[in-house]
Every structure is written in C-alpha cells, then in structure tokens.
Amino acid sequence: MKTVVNVLLCVCLVFPLSSIAQKSSPNESGGQVKFSSNYTTTCNTQLLVKFTDESVSPPNDYTTNWTWIFGDGRTSNDWNPDYRYTAPGVYTVKLIIKTNAGIIDSFTRVDYIQVGRPIIKLGKDTSICEGSTIVLDAGHQNTGASYSWNTGDTTQQLATSEPGKYSVTVKWNGCEAKDTIIVNSRPGIFPNFGFNIDATCLPTKAKFSDSSFICPGNSIIQYKWEFGDGTTSTQQNPQHIYTSADSFNVRLTIWDNNGFSMTRSKRVIVNAAQGPIVNLGNDTTVCEVMPFVLDAGNPDATFTWSTGDIYQSCVITSSGPVWVRVEQNGCVATDTVNIVLTPTLTPQFGIKVYQVNCPVNVVFTDSSKTCGVNIVQWDWDFGDGNFSHEQHPSHEYTENGEFVVRLTIHDDIGNSVTRSKRVIVQSSTVLVNLGKDTTVCFGNSTTLDAGIANATYLWSTGETTKEIFVYDAGEYWVRVQKGSCFGYDTIRVASIFPINPAFDFTVASKCLPVEVKFEDKSIAGCGQQIVQWKWTFGDGATSTQKN
C-alpha cells in the first residue's frame, strides 16, 4: 500500500509542471489552478469530454483532492475524469483542489461546455392586440451566437406590431437551428364562448360560459346572447332551457367601454328525447271541505307521488308540499307544489273591557272565518253562567275573577267548532289620574284634583276633599271610593327657587394691576326678573352693575 502512494505522489508532482493556463487561479503559496478538455462544443445532443487537470502545486506541496463540478448537477473526485453530457445546454465547469498543506483553491470556466444546436424558443403561434407590440426572443442561452431573421434583422430580439410569419436562424459554434412563429392580430375585444348540455331528455338545460378575449385598456360592459329559439339574455354566463331537439344558431354580442361591438355565433345541436312536461301549478290554498285533485298530465307515463299514489291524478287530503316523479320514454321530470288546506270553520273573537263604572261591561266581537260554508248560529258561554246567541254580544260581569269565554259556531252543512279565551274582570273601575309629576315655585302652591266626582276621598295629607292645595315638595297620594269600586294614584311635587345666581370671569393680564371682567349668568324662573345686582370682589370693593 505504501508503494502505491509513493507512485501517485510522484506523478502528481511531475505532471502539472508541463504547462500553465493563462486564466489559472494563483494561490498565496505560488501555485496555480487550471484545467482543459479535449472537446468543448458539439452539435449533437450528447458529448463525451475528457477533462485534464493542469494545476501547478506550490513548492514543496502536492494536490491530494480534486472536486469537479460539471454544471449539470453532477460532480466527480477523479484526477482527470471522462464525463458524458447527455442533455443539450451550456454548462459552466469548476475545479476545486486541496493540497497536502491544506490549501484549497478553485478555477471556473463560465459557459465552457456547449452541447447541442442553438436553443430557440419563439413559442407557440400567438395573437396580439391591434396597435400593440410583441417581442420575439431567439434565446438567451446561446452566448456568442449570430441571428438572422426573415425580416433582415440580426439581433437576438425582434419587436414587431405587424401580424405575419416570422422565422429566425441561429448559428452558434458551427451549429445552426431555425424556428418559426405566426403572429396574428385581433381587435380590442373578441367574443368567444363555450357551452355544455347536461341532459339527454327534453326539456334540457344548456350552460353557456363567456371566454371572450379583452386587450389591455379595454373592458366589456355589455353582453347579449341570442339562443336561436327567440329568447335572449344579458348575463355573462347564462343558462337556457331548450324544449325541442334541433340545431340552434347561438350568437354572442359584446360591447366594450369605447363603444365597439362584435358578434360571434356557434351552432348548438340539441339531440335529446322528448321527456314529460310536468306542471302541478302554483302553490295554493283550498278549503278542506272541497276535494282537491292534482293532475301530472302525460297520460302514458309512469307516476310516483309523495303521497304514495301511482296514477296520473292524486287527491290531496292534508296540507304540505306534494311532489310527483313522471317517467316517460326513458326521461324523468318532477314538480312540487305546496298545498294548504284551510278549515271550513275558524272561530275567532275579540274582547274589549270597559271599566267606567261597576259592574264591568265587556263587548265581544265575532271575527270568525269560513271557507266554503256559511255560519248559521253563534253560541256564547260567558263563563259566569250566562249565555247569548247574538253574533256580537255585550255582557256585564258583577263579580271579580277570571272567566273562560267559549264561542261555538255552526255552519250550514252541520259542522261546529268551539274556541275559548280567558277574561279577567276587576271591580276597581274608578280610574284616578293625578297627572304627571310636577314642580312648584318656592312660596307658591299647586292644586291636586282626584278627578272623580261624587266619591269618597282620602289624601296622604289626611284631607278628604276632591281637590287639595300643595305648597311643599313631596309625594302625595289619594284613595278614591265610589260605590264598591276603588281607585288609587300617586304624584311627586318638587319645589324650585325663583332665582339661581351664577357668574363667570376672565383675567385680562398677568401683571399688576390686573383687570378682571365679571359676567352675570344668573337664571330667573317662576315668572320673576332680576332687577338688582351687588358684587363683592373680596378685596373690600363692590359694584351694582350687571357685568
């Protein structure tokens, strides 16, 4: 093993001294990093390259490690590797060496290996907006290449605003490649659309999707679809129902923000079998006394109703949504309708209680509803043992309590329905109202009136008259009795002073003597007016002016 190492060391020291590259990388110890190869260019898609290390080691030192970076993501640690490039491209190669003394140095050849013909990517045929410019690029990967366009231009890029067929020939390191592109011109807006028919039975729904082209600076502000069967739409992506199988010429017209419009048409073929057409009608309300029948039509079809029926028609006996599924010629149609069955008799009544005097008078108002019948009799039970057959009766309650009132109505076909409500009767029908809480000026009085004549009164002051005079603030109540009925109310009385003195002041300077301006802001109430002012300034001086 030691013998092999000695031989390698001898070769490493002798071989690099044969030549020194012009672009070698000198290190601090006097050595130089350099490499070469037998090939650098090929027009083929693959290239086998033999790389040769031509580095010069520093005096009394030698290379112990090589790292080759080939530019396509792969590396090698051989001294003089043979490496095959398998993909066209331009590759930068780098060599990193490490010496026995620990010196690390490198040398890079940029775009050193060139495999394949020139790379040209003009792209797919395209369209440009009228008046706009497109830049055609023959490729950035062909360093040092020459370009020849069919327009006579010799630059890598070609800017054009004209439609046409453009071709370029690129020569690079003895290799040649050519590419062609067709450039079309289109207006600021160009209508286009797609469609999808999602059913094989009539009626069938067609979904239309707008895919119109818009140039920069333009915008579509209006759509008009003509579906070929006499119907139109202004939606951007409409849906349309075709009821017959045929070939329809569908037209889409669009308008832009500059007032320009354009139309495009496509043929839509509807090839669908005629399916059943089902229409149960609108949601409806019918009287429950009358038989109601739904008819699904389509006599030769197969029927499935939500009620369980399997025939063309169905008798409805309850409220709620009803649906039917109809199958004919391999096609299916459905429809749903909501049916509300209204009772023939719906008893309703209102109650109004009058509490003016005892006994309490209550008026009952009938508001019953009928459907298909007529009311021929009213039976009232007032809950206190009394009855009436009037439609709108009134009744006097002589006792306090809660009474259940029942109304039974009878129609002309022998049906009857009863409804009940509760009535609360209170005998304290004396309504006492002393008014809202009030204020009285200091030193004055206000009158409190119980309001009920020919009654018995008891005030919180101990007085027993219908009216009392109040001078002081406080809460006052009165209890009124008239016959066997009672009433009660309370009022609060507040007292206010006829004058509320207040003032403000402003200091006019910061140096003595200081002038101070005083402003009266006093408020007078209770019909009073301020007629005299007296100011005491705190330093022995006074004034009788207002301000």
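Observations
- Subset tally (residues that are closer than 30 Å to GLU327 by Cβ and outside any strand (DSSP E or B)) for the range 182-201: 3
- In the range 207-219, the residues that are surrounded by 14 or more Cβ atoms within 10 Å (Cβ to Cβ) and at pLDDT 95 or above: PHE208, ASP210
- The residue that is farthest from ASN500 (Cα to Cα), counting only those in the range 433-447 that are in contact (Cβ under 8 Å) with a residue 40 or more places away in the chain and assigned to a strand (DSSP E or B), is THR446.
- Tally, over the range 95-104, of residues that are touching an Asp or Glu at 6+ places or on another chain (Cβ under 9 Å) and part of a strand (DSSP E or B): 5
- Among the residues listed as PHE469, PHE442, the single one being more than 30 Å from GLU396 (Cα to Cα), surrounded by 12 or more Cβ atoms within 10 Å (Cβ to Cβ) and of a type in the set (Phe, Trp, Tyr): PHE442
- Selection of strands (runs of 3 or more DSSP E) fully inside the range 448-547 by the criterion of at least 3 residues being under 60 Å from the mean Cα position of the chain (by Cα) and among the aliphatic types (A, V, I, L, M) returns 485-496.
- Residue in the range 42-65 that is in contact (Cβ under 8 Å) with a residue 12 or more places away in the chain, charged (D, E, K, R), crowded, with 19+ Cβ neighbours inside 10 Å and assigned to a loop (DSSP other than H, G, I, E, B) present: yes
- Verdict on ALA301 being modelled with pLDDT under 95, aliphatic (A, V, I, L, M), within 25 Å of LYS205 (Cβ to Cβ) and open to solvent by 20 Å² or more (accessible area, probe 1.4 Å): no
- Residue match in the range 223-231 (condition: at pLDDT below 90 and hydrophobic (A, V, I, L, M, F, W, C)): no
- VAL110 vs. criteria within 19 Å of THR45 (Cβ to Cβ) and of a type in the set (Val, Ile, Thr): no
- Restricting the range 480-497 to residues that are buried (at least 16 other Cβ atoms within 10 Å of the Cβ) and charged (D, E, K, R), the residue that is modelled with the highest pLDDT is ASP489.
- Neighbours by Cβ (under 6 Å, 6+ apart or cross-chain): first from the range 203-225, acidic (Asp, Glu); second open to solvent by less than 30 Å² (accessible area, probe 1.4 Å): ASP210/PHE193
- Of all residues in the range 232-257 being of a type in the set (A, V, I, L, M, F, W, C) and open to solvent by less than 70 Å² (accessible area, probe 1.4 Å), the one that is modelled with the lowest pLDDT: ALA245
- Cβ-Cβ under 8 Å pairs, at least 6 apart or on other chains, the range 126-152 side surrounded by 11 or more Cβ atoms within 10 Å (Cβ to Cβ), far side acidic (Asp, Glu): ALA138/ASP179; THR143/ASP111; TYR147/ASP153
- Any hit, the range 342-353, residues being surrounded by fewer than 16 Cβ atoms within 10 Å (Cβ to Cβ), among the β-branched types (Val, Ile, Thr) and under 30 Å from THR307 (Cβ atoms): yes
- Filter result for VAL115 (open to solvent by less than 40 Å² (accessible area, probe 1.4 Å) and of a type in the set (A, V, I, L, M)): yes
- Hits in the range 316-325 (condition: in a strand (DSSP E or B), within 24 Å of THR342 (Cβ to Cβ) and open to solvent by 20 Å² or more (accessible area, probe 1.4 Å)): PRO321, TRP323
A quick yes/no check of all residues on (1) part of a strand (DSSP E or B); (2) under 56 Å from the mean Cα position of the chain (by Cα):
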residue	(1), (2)
VAL337	yes, yes
GLY372	no, yes
ASP384	no, no
SER420	yes, yes
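- Pair list, Cβ < 8 Å and 6+ apart or interchain, from the range 464-476 residues that are under 14 Å from ASP489 (Cα atoms) to residues that are charged (D, E, K, R): LYS466/ASP449; GLU467/ASP449; GLU475/ARG492; TYR476/ARG492
- Qualifying residues in the range 222-231 (those that are touching a strand residue (DSSP E or B) at 6+ places or on another chain (Cβ under 9 Å) and exposed (fewer than 13 other Cβ atoms within 10 Å of the Cβ)) - the one farthest from ASN258 (Cα to Cα): THR231
- Selection of the range 188-205 for residues being over 15 Å from ASN271 (Cβ atoms) and either of a type in the set (Ser, Thr, Tyr) or open to solvent by 10 Å² or more (accessible area, probe 1.4 Å) (or both) yields GLY188, PHE190, ASN192, GLY194.
The values are calculated or read from the model by the stated rules, or taken from the named source; none is laboratory data. Nothing here was measured: the structure is a model prediction, and the numbers come from that model. Neighbour counts run over all protein chains shown; Cβ positions are idealised from the backbone, glycine included. Note: areas computed on protein heavy atoms with side chains; ligands, DNA, RNA excluded. Shrake-Rupley method; radii C 1.70, N 1.55, O 1.52, S 1.80 Å.
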